[in-house]
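The values are calculated or read from the model by the stated rules, or taken from the named source; none is laboratory data. All figures in this text were calculated on a predicted structure; none of them were measured in a lab. Methodologically, a virtual Cβ is constructed for each residue, glycine included, from the backbone with ideal geometry; neighbour enumeration extends over all protein chains shown.
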Number of protein chains: 2
Amino acid sequence: MSDAAHRQPPKGTRDFYPPEMAIRRHIERAWRGASIDHGFDEIDGPTFEHLSLYTVKSGEGIINELFSFRRAGGDDDYALRPEFTPTLARMVAARAASLPQPIKWFAIPTHFRAERPQRGRLREFIQWNVDLIGVEGSQAELDVLSTAIIAMERLGLSPADVRVRLSHRGVVAAALQALGAQQERLADAFALLDRREKMEPKEFDVRAEAIGLGSAATERLGLIARTKLPIDSDARSIGAALGCSAADAEPLVELCTRLIAADLGAWCDLDFGIVRGLAYYTGSVFELHEASGAERAIAGGGRYDKLIELFGGPSMPAVGFGMGDVVLGLLLHDRGKLPAADGDSLMPRPDVFLVSAGAPEAEAMVLQLAATLRRGGLHVRHSYKATRNVGKLLSEAGKCRARHAIILGAELEQGMVAWKDLAAGTQRLIPVADVLASVQAARGQARAEL
Amino acid sequence: MSDAAHRQPPKGTRDFYPPEMAIRRHIERAWRGASIDHGFDEIDGPTFEHLSLYTVKSGEGIINELFSFRRAGGDDDYALRPEFTPTLARMVAARAASLPQPIKWFAIPTHFRAERPQRGRLREFIQWNVDLIGVEGSQAELDVLSTAIIAMERLGLSPADVRVRLSHRGVVAAALQALGAQQERLADAFALLDRREKMEPKEFDVRAEAIGLGSAATERLGLIARTKLPIDSDARSIGAALGCSAADAEPLVELCTRLIAADLGAWCDLDFGIVRGLAYYTGSVFELHEASGAERAIAGGGRYDKLIELFGGPSMPAVGFGMGDVVLGLLLHDRGKLPAADGDSLMPRPDVFLVSAGAPEAEAMVLQLAATLRRGGLHVRHSYKATRNVGKLLSEAGKCRARHAIILGAELEQGMVAWKDLAAGTQRLIPVADVLASVQAARGQARAEL
């Protein structure tokens with residue numbers, strides 16, 4: 001074990017020491033809180049699934065991006081989950097008949113991709129998934145988008161930091177058909193739009209022709225992909241910009257109207273370059289991006305009304321998104337939304353630090369008092385050093401950011417201890433029996449850190 | 001995907017639907033809260049590690065119990081983590097020089113074992129790990145044991161439900177040496193004690209002889225393994241019971257004295273049959289068991305002063321334990337410590353359910369009010385049904401266990417809404433502008449559910 005490489009986590013994975021873990025929990029609390037406040041219930045599934053669960057939707061091509069394995073002596077092929085949607089669809093399909101509807105679920109699982117690690121992309125990451133299943137109208141989109149946006153707000157981000165870019169496959173499909181794209185080639189057209197920045201202009205033209213577009217229409221297609229409009233655009237101006245009818249734009253306008261009514265409009269833009277690579281989206285599609293457009297997407301999602309069926313369930317409308325922790329973490333860091341000491345001040349603060357100041361009976365009393373306070377739900381620390389130097393012990397209390405110190409000294413003979421407010425620097429004697437109630441009252445509120 | 005087997009999670013893994021997830025979060029909150037209140041900081045590591053991290057401590061024999069794999073085209077062997085200790089030791093060793101000491105860490109990671117699933121044992125499970133590194137004295141044992149016990153209390157368990165069984169390898173080693181066991185065969189002797197119930201008496205005798213024990217000593221060895229004493233036993237009576245000196249028993253007595261001083265004695269017994277299979281324990285060893293002794297151990301741990309060194313770090317004293325969620329979950333269920341509806345009442349309760357009762361302007365107002373309340377940190381739900389029947393909507397509010405309903409009806413013209421307390425059944429009109437403050441005040445405390 002002298003191999004220095006084995007001091008490190010595997011490539012593309014992370015060790016979370018306490019400051020990094022405090023940041024992770026800070027992000028997870030914002031995700032979980034926004035989800036619960038929007039009426040979503042938390043779920044989780046296995047960390048690995050049958051390999052075939054992933055090939056059914058994405059084909060065999062995905063296998064190279066997966067960590068797959070067998071049990072020694074077993075004959076089932078498994079893969080570490082690269083995303084949550086297949087697990088979600090499997091869980092819905094398995095109990096579709098008995099689950100109350102609509103199904104509003106969120107999850108904060110770990111995911112794994114056997115890719116080359118790079119900025120914003122790791123081999124193991126955490127992804128928040130929010131899904132609303134069983135609602136056809138745009139209230140579903142509103143609720144999942146609101147959940148994402150409120151989480152951003154709780155992390156200290158504003159519309160100047162993050163933009164929600166919104167599009168709608170139905171609207172873009174109408175525009176493509178107006179250009180002459182064949183109905184049965186629309187999926188190819190979306191794939192082409194999605195990959196447009198990864199190919200040479202010539203290749204783009206050749207593929208556009210295969211979809212049934214002439215050179216003028218191909219040029220218009222490029223224009224559509226660059227079309228950005230304000231969130232309060234009406235159906236006529238959307239139709240005019242894309243070259244489809246106002247009626248085609250109505251479903252998107254309905255969603256925009258709701259977003260504005262819910263005071264979320266300031267976060268959102270229409271951006272018809274947003275396609276989302278995956279074939280399974282059927283209506284709205286959206287991404288959250290850093291405002292300047294640098295970095296990868298923070299989140300992506302949309303409506304996928306056919307997916308539950310694909311996994312053997314009934315036909316059910318559905319909307320959802322995924323948001324990873326890696327790009328979001330970079331953004332929070334770059335925007336100065338994390339404490340300077342890399343998470344230190346996000347770590348739980350002790351309510352009280354117990355100081356044993358010399359009296360022999362204080363030793364046993366410290367043990368008993370610590371147990372009493374912890375049974376009362378308080379965060380209690382003490383020193384492991386042999387010293388009884390009160391100054392040194394108070395300095396240790398300060399270092400761990402304790403709010404109060406209780407000093408067990410000579411007054412213990414009269415049943416009294418010194419209670420010191422470490423921020424204010426004030427100190428007074430109180431009866432030992434009152435310590436629990438006093439510290440609880442000083443804290444006031446239940447902690448949100450669990 | 002019509003294959004019904006693929007509706008199920010892989011063998012030995014679990015789907016967590018909302019009620020099961022609520023139970024998991026309930027357990028995790030007790031674990032996390034007890035850890036934080038005892039001054040432990042949360043950490044985590046990668047879900048998979050280099051395979052060699054696991055073979056260094058346990059030898060190649062462990063490979064069959066691991067899920068191991070390579071990346072397609074890669075040449076590194078990885079394994080899903082079967083336990084947390086190697087990751088912990090690696091993380092300590094990597095930063096031993098810079099980490100403040102003592103190191104007090106906890107983690108709640110998922111673990112994986114490629115075993116045959118059975119009652120209390122799954123292929124994927126969650127295990128709480130608590131470790132205190134850098135403290136030699138029994139204050140370290142006290143703090144980790146207190147953390148485990150306070151978590152049991154917060155889950156509603158009492159000393160009538162769960163017992164802490166405590167032993168000490170140093171004391172048992174002294175007793176074995178007094179019987180004539182050779183110093184260099186003590187590790188074998190502990191392994192023999194640990195597996196004694198899994199072998200025929202004859203095999204036990206043969207192995208005992210190999211360790212250097214005659215037949216009388218072997219019989220005494222069996223007696224030691226059945227020795228149970230009260231937690232307030234003095235050193236002399238422990239020495240007498242085991243056949244070692246009172247001085248040999250002192251380290252254990254010191255720990256017992258602290259446990260009693262901290263009001264934890266009622267949970268604990270001395271049980272010299274507790275060995276813990278793993279070779280790396282160097283002092284105290286303990287297990288938590290269901291009181292009757294049925295089921296597997298709920299938790300196990302002890303002192304492992306040589307382990308950090310084994311993983312390439314400096315020599316550091318250490319104490320820790322692991323507690324899985326599976327046996328604990330069975331125990332909580334069997335003892336009636338979980339809500340009847342399998343977690344339903346552990347799920348977060350909505351603060352307010354918004355009812356849109358017909359006024360056309362209510363539709364947009366519901367969206368805006370929902371956003372305002374959620375921005376204020378409240379858990380807000382509404383119906384997805386088209387109905388405006390207030391009775392039906394209130395019944396839906398009751399079903400999701402909302403505390404209050406806000407009814408937006410005809411009074412909205414005067415800027416008023418009806419605020420209904422769903423438990424008390426009372427209802428009164430309040431200004432729309434007061435809704436946020438009223439519901440926040442009614443809730444009173446920050447939620448502990450995050």
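Within the range B:402-426, which residues are in contact (Cβ under 8 Å) with a residue 12 or more places away in the chain and either in contact with a Pro (Cβ under 9 Å, 6 or more places away or on another chain) or polar (S, T, N, Q) (or both)?
B:A402, B:R403, B:H404, B:G415, B:M416, B:V417
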Please list, ordered by residue number, the strands (runs of 3 or more DSSP E) wholly in the range B:101-146 having 3 or more residues that are within 21 Å of B:L51 (Cα to Cα). B:110-112, B:124-133
Determine if the range B:381-404 includes at least one residue that is of a type in the set (G, A, S) and on the phi > 0 side of the Ramachandran plot. no
Step by step: first the residues of the range A:63-86, then only those that are among the charged types (D, E, K, R) and at the interface with chain B (Cβ under 8 Å from one of its Cβ atoms), then the one that is surrounded by the most Cβ atoms within 10 Å (Cβ to Cβ). Which residue is that? A:R71
Within the range B:252-297, how many residues are within 14 Å of another protein chain (Cβ to nearest Cβ) and among the hydroxyl-bearing types (S, T, Y)? 2
So, in the range A:3-49, exactly how many residues are in contact with a strand residue (DSSP E or B) (Cβ under 7 Å, 6 or more places away or on another chain), among the aromatic types (F, W, Y) and without any contact (Cβ under 8 Å) to a residue 40 or more places away in the chain? 2
Among the residues of the range A:331-350, is any more than 41 Å from the chain's Cα centre (by Cα), farther than 18 Å from A:D421 by Cα and not basic (K, R)? no
Is there a residue being in the same structural domain as B:G300 (by TED's automatic domain parsing) and more than 14 Å from the chain's Cα centre (by Cα) anywhere in the range B:142-150? yes
Residue set A:E250, A:E287; condition on the phi < 0 side of the Ramachandran plot, outside any loop (DSSP other than H, G, I, E, B), of a type in the set (D, E) and surrounded by fewer than 18 Cβ atoms within 10 Å (Cβ to Cβ); output residue A:E250
Can you confirm whether A:A386 is closer than 25 Å to B:D41 by Cβ, crowded, with 19+ Cβ neighbours inside 10 Å and within 14 Å of chain B (Cβ to nearest Cβ)? no
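Within the range A:263-270, is even one residue in contact with a strand residue (DSSP E or B) (Cβ under 7 Å, 6 or more places away or on another chain), more than 23 Å from A:Q177 (Cα to Cα) and without any contact (Cβ under 8 Å) to a residue 60 or more places away in the chain? So that I can check it myself, show each step before the final result.
Keep residues of the range A:263-270 that are in contact with a strand residue (DSSP E or B) (Cβ under 7 Å, 6 or more places away or on another chain), which gives A:267-270.
Now narrow it down to the ones that are more than 23 Å from A:Q177 (Cα to Cα): A:267-269.
Next cut, without any contact (Cβ under 8 Å) to a residue 60 or more places away in the chain only: none.
No: zero hits.
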Could you please find all residues in the range B:211-233 being surrounded by 14 or more Cβ atoms within 10 Å (Cβ to Cβ), assigned to a loop (DSSP other than H, G, I, E, B) and either touching a helix residue (DSSP H, G or I) at 6+ places or on another chain (Cβ under 6 Å) or not hydroxyl-bearing (S, T, Y) (or both)? B:I211, B:G212, B:L213, B:T227, B:I231, B:D232
In the range A:277-306, residues that are free of Cβ contacts under 8 Å to residues at least 24 places away in the same chain and β-branched (V, I, T) total 0
Hits in the range A:15-43 - residues which are at the interface with chain B (Cβ under 7 Å from one of its Cβ atoms) and basic (K, R): A:R25, A:R29, A:R32
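For the range A:342-381: of the residues being charged (D, E, K, R) and more than 23 Å from A:H26 (Cβ to Cβ), which is nearest to the other protein chains (Cβ to nearest Cβ)? Write out each step before concluding.
Of the range A:342-381, the ones charged (D, E, K, R) are A:342, A:344, A:349, A:351, A:361, A:363, A:374-375, A:381.
Still in the running and more than 23 Å from A:H26 (Cβ to Cβ): A:361, A:363, A:374-375.
Values: A:E361: 11, A:E363: 8, A:R374: 5, A:R375: 7 Å.
Among them, the one singled out is A:R374.
Results for (1) in a strand (DSSP E or B); (2) at pLDDT below 95; (3) crowded, with 22+ Cβ neighbours inside 10 Å; (4) assigned by TED's automatic domain parsing to the domain that holds B:L412, shown as yes or no for each residue.
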position: B:R296; (1), (2), (3), (4): no, yes, no, no
position: B:G302; (1), (2), (3), (4): yes, no, yes, no
position: B:I308; (1), (2), (3), (4): no, yes, yes, no
position: B:P314; (1), (2), (3), (4): no, yes, no, no
position: B:V319; (1), (2), (3), (4): yes, no, yes, no
position: B:G322; (1), (2), (3), (4): yes, no, no, no
position: B:L328; (1), (2), (3), (4): no, no, yes, no
position: B:P339; (1), (2), (3), (4): no, yes, no, no
position: B:L354; (1), (2), (3), (4): yes, no, yes, yes
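Which one is nearest to the other protein chains (Cβ to nearest Cβ) among residues in the range B:144-155 that are of a type outside the set (A, V, I, L, M) and more than 16 Å from B:R165 (Cα to Cα)?
If we take residues in the range B:144-155 being of a type outside the set (A, V, I, L, M) and more than 16 Å from B:R165 (Cα to Cα), then B:E153 is nearest to the other protein chains (Cβ to nearest Cβ).
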So is B:I43 surrounded by 22 or more Cβ atoms within 10 Å (Cβ to Cβ), over 17 Å from the mean Cα position of the chain (by Cα) and closer than 30 Å to A:L369 by Cα or not? no
Residues of the range A:17-26 satisfying the condition of being surrounded by 20 or more Cβ atoms within 10 Å (Cβ to Cβ) and touching a Gly at 6+ places or on another chain (Cβ under 7 Å): A:A22, A:I23
Being crowded, with 16+ Cβ neighbours inside 10 Å and not hydrophobic (A, V, I, L, M, F, W, C) is the filter here; which residues of the range B:389-400 pass it? B:E396
In the range B:44-62, anything part of a helix (DSSP H, G or I) and either of a type in the set (F, W, Y) or at the interface with another protein chain (Cβ under 7 Å from one of its Cβ atoms) (or both) is listed as B:S52, B:L53, B:Y54, B:V56
